[in-house]
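Structure first, then comments.
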Amino acid sequence: MTIRTEEELAGMRRVGKLVAQTLDAMAAAVAPGVTTAALDAVARELATAQGARSAPQLTYDFPGFTCISVNDEIVHGIPGPRVLRSGDLVTLDVTLELDGYMADSARTVAVGTPPKGAAQLLRTAREALDAGVAAARPGRRVRDVGAAIDRCVRSHGGRVFRELAGHGIGRALHEEPSVPNWDDPEADMVLHEGLVLAVEPMLAARVARVVEDDDGWTYRTHNGALAVHQEHTIVVRAAGAEILTLD
Ligand code: MG
């Protein structure tokens, strides 16, 4: 969506803040021995108490309230009986609808002690998200956001998944434009003031293809490579993007 009124801005800020608070609560509950279903319940209880709904459930009939992806799972993992262990990487991905507005944010966190190389990979993902957000300025193109993300990830030796992209968001979960994580020549839309985007680098430490799991939802790496994901919903502004999914 493109924010044109104070009311729309207030609505997007409210849902963005609730997404951030929900992610904070989930991240605080991450520990060895906890199931992904228990993390999903933390999110559901907090968000529904504020009147919010799960955007993936509303939009796609997704089986969980949130998406939770572990290790080589990249995105769209289904919460369930899986028990987290020290050394796992868990991606928490929350998209909420509140009063007709939607915001989307994700972060990957280590359970207990991160596996070898994972701390650098997590830093790279956070840096890549910052680089992408910084590139989102009116007058620049969507592909400039992807180019900034890809440049950052490659400078640390990682690789983005070209098959997976960010997206417009606001009134629906997935709106135009698609926001690739690389310098895709087809992503030539010019960014304008007020445009709301979910910017979301998804990457691995080495080259990997994306494969869909038998469950029909989960995307994982074809070779077992660990995947990480960082995402914010932002508003494009002349003075620099405003991040909506912060507490
Ligand atoms: Mg997203």
Handout entry: Selection count, the stretch 80-117, where residues are touching a residue at least 12 places away in the same chain (Cβ under 8 Å) and more than 24 Å from residue 198 (Cα to Cα)
Key = 15
Exercise for the section: Looking only at the stretch 221-232, decide whether some residue is open to solvent by 10 Å² or more (accessible area, probe 1.4 Å), among the small types (Gly, Ala, Ser) and at pLDDT below 95. Expected result: no
Handout entry: Selection within the stretch 10-39 - surrounded by fewer than 17 Cβ atoms within 10 Å (Cβ to Cβ), in contact (Cβ under 8 Å) with a residue 60 or more places away in the chain, under 24 Å from residue 242 (Cβ atoms) and aliphatic (A, V, I, L, M)
Key = 27
Fill in the blank from the handout: Within the stretch 103-128, the residues that are of a type in the set (Val, Ile, Thr) and either in contact with an Asp or Glu (Cβ under 8 Å, 6 or more places away or on another chain) or within 16 Å of the ligand (Cβ to nearest atom) (or both) are 108, 111
Practice task
Could you name every one of the strands (runs of 3 or more DSSP E) located completely within the stretch 40-135 that has at least 2 residues being buried (at least 21 other Cβ atoms within 10 Å of the Cβ) and β-branched (Val, Ile, Thr)?
Solution key: 73-75, 89-98
Exercise for the section: May I ask you to verify whether residue 170 is within 16 Å of the ligand (Cβ to nearest atom), crowded, with 17+ Cβ neighbours inside 10 Å, outside any loop (DSSP other than H, G, I, E, B) and not hydroxyl-bearing (Ser, Thr, Tyr)? Expected result: no
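The values are calculated or read from the model by the stated rules, or taken from the named source; none is laboratory data. Just so you know, these numbers come straight off a predicted model, no measurement behind them. Note that each Cβ is placed from the backbone with ideal geometry, even for glycine, and that neighbours are counted across all protein chains shown. Each accessible area value is taken on the protein alone, full model and side chains, heavy atoms only, with ligands, DNA and RNA left out. Shrake-Rupley method; radii C 1.70, N 1.55, O 1.52, S 1.80 Å.
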